[in-house]
Amino acid sequence: MHFKELAAYRVRRIAESILGMAEELFARHLGIRALEWRVLVKLAETPGSISTEIGRDMLLTPVQTGRCLQRLREANMVVAVPDPEDGRATRYTLTHPGRRAHEAGTRIVLEVQRYALRDFSAVETVALNNLLERLMASSSYGEDDVERLSAALFAGKRDQA
């Protein structure tokens with residue numbers, strides 16, 4: 001087995017390369033990171049979201065979510081408003097600069113994706129999207145799947161190393 005030939009490694013390398021280019025463009029033109037743009041995406045799609053919803057839907061840890069929201073508030077891209085129905089919750093919405101950054105970030109992401117797929121034909125792009133959709137579906141797992149693989153690999157014994 002060659003590590004660099006594993007599909008998971010290749011997918012990760014592609015994602016890191018694309019993200020790296022996007023990060024450079026985000027920093028240069030928007031003064032934010034890709035993680036922060038993902039928060040803007042969530043708020044553009046669902047204004048008034050709370051931090052737990054943002055983190056869950058954008059695949060961010062609670063710490064990442066909090067840091068992104070703080071940074072975006074400092075940059076005047078989002079505002080925080082107490083939830084009128086639940087005094088403990090805070091709801092976040094985009095400001096005008098936040099909407100502009102979201103739109104510019106979307107253009108960046110689409111252009112970086114176009115760049116990454118520049119050598120693919122239309123048919124290959126459709127095929128890739130279909131394969132990625134299948135891979136996403138087949139790679140999701142639950143506790144039962146972990147137990148099943150654990151039993152198959154280690155006869156159900158936990159490694160104490």
Query - Helix 96-116 axis, angle to the chain major axis (alpha carbon atoms, nearest 10°) - result: 30
Query raised in the report: Ordering Y92, Y9, Y115 by how much accessible area each has at a 1.4 Å probe, largest first, what is the list?
Result: Y115, Y9, Y92
Query raised in the report: Short version: ³J(HN,Hα) in whole Hz for each residue of region 24-30, in order, from phi by Karplus 6.51 cos²θ - 1.76 cosθ + 1.60 (θ = phi - 60°), x for Gly and Pro, what are they?
Result: 4, 5, 4, 5, 5, 10, 10
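Summing Lys, Arg as +1 and Asp, Glu as -1, what charge do residues with Cβ under 12 Å from the Cβ of T65 carry, T65 excluded?
On the way: positive: R38, K42, R56, R67, R71; negative: E36, E53, D57.
Here the charged neighbours net out to +2.
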Report summary line: To the nearest 10 degrees, the tilt of helix 62-74 (Cα long axis) against the first principal axis of the alpha carbons of the chain is 30
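How large a share of the accessible area of the chain, in percent, is made up of carbon and sulfur atoms when the probe is 1.4 Å and the other protein chains stay in place?
On the way: 6730 of 11960 Å².
The computed percentage sits at 56.
Got a sec? What order do L60, L128 fall in by accessible area at 1.4 Å, biggest, i.e. largest, first?
Details: L60 15, L128 50 Å².
Per-residue accessible area, sorted high to low, gives L128, L60.
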Requested in this report: If a/c stays under 1.5 just call it rounded; otherwise compare a/b with b/c (prolate if a/b is bigger, oblate if not). Do that for region 1-68, with a ≥ b ≥ c from the square roots of the Cα gyration tensor eigenvalues.
Outcome: oblate
**Report entry** Under DSSP loop assignment and at most 13 Cβ neighbours within 10 Å, longest trypsin sites (Lys or Arg not before Pro)-free interval of the chain
**Finding:** 1-87
Report summary line: From DSSP H assignment alone, runs of 4+ in the chain each adding -39500 (n - 2.57), the sum over residues rounded to the nearest 500 puts [θ] at 222 nm at -22000 deg cm²/dmol
Query raised in the report: Can you put F120, F26 in order of accessible area, largest first, using a 1.4 Å probe?
Result: F120, F26
**Report entry** Relative contact order [Cα under 8 Å, 6+ residues apart], the chain, whole percent
**Finding:** 19
Requested in this report: Please provide three numbers in whole Å: the alpha-carbon extents of region 17-143 along the principal axes, with the largest listed first.
Outcome: 51, 42, 21
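The values are calculated or read from the model by the stated rules, or taken from the named source; none is laboratory data. Computed from a predicted structure; not experimentally measured. Every residue, glycine among them, receives a Cβ derived from its backbone with ideal geometry; neighbour counts consider all protein chains shown. Remember, those area values only see protein heavy atoms, side chains included, never the ligands or the DNA or RNA. Shrake-Rupley method; radii C 1.70, N 1.55, O 1.52, S 1.80 Å.
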